[in-house]
């Protein structure tokens, strides 16, 4: 399966920075998923939701968030988040 570079960061922590197979998030208008070679995208994430992704070997990860932004361009996905208080 093809991969893309996924970077998930908050103000003080790099939560993930490696190859990934997929990433799924909720936005204020609905859920969206990303795989390799996705068209460019820039948007806000739904408050009190989560970032779900599969790493390059297929293991699923979940990061609960308070808020965030996501950008996908040139096969690179960058997610800037504010983790939930209980996840910090």
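Things worth noting here:
- Within region 36-54, restricting attention to residues that are more than 11 Å from the chain's Cα centre (by Cα) and crowded, with 16+ Cβ neighbours inside 10 Å, the residue that is nearest to residue 86 (Cα to Cα) is 49.
- Filter pass, residue 50 being in contact with a helix residue (DSSP H, G or I) (Cβ under 8 Å, 6 or more places away or on another chain) and at pLDDT 95 or above: no
- Criterion violated by residue 57 - all others in (1) under 16 Å from residue 2 (Cβ atoms); (2) without any contact (Cβ under 8 Å) to a residue 24 or more places away in the chain; (3) assigned to a strand (DSSP E or B) satisfied: (3)
The values are calculated or read from the model by the stated rules, or taken from the named source; none is laboratory data. This is a predicted model, so every value here is computed, not measured. Cβ coordinates were reconstructed from backbone atoms using ideal geometry, including for glycine residues, and neighbour counts include every protein chain displayed.
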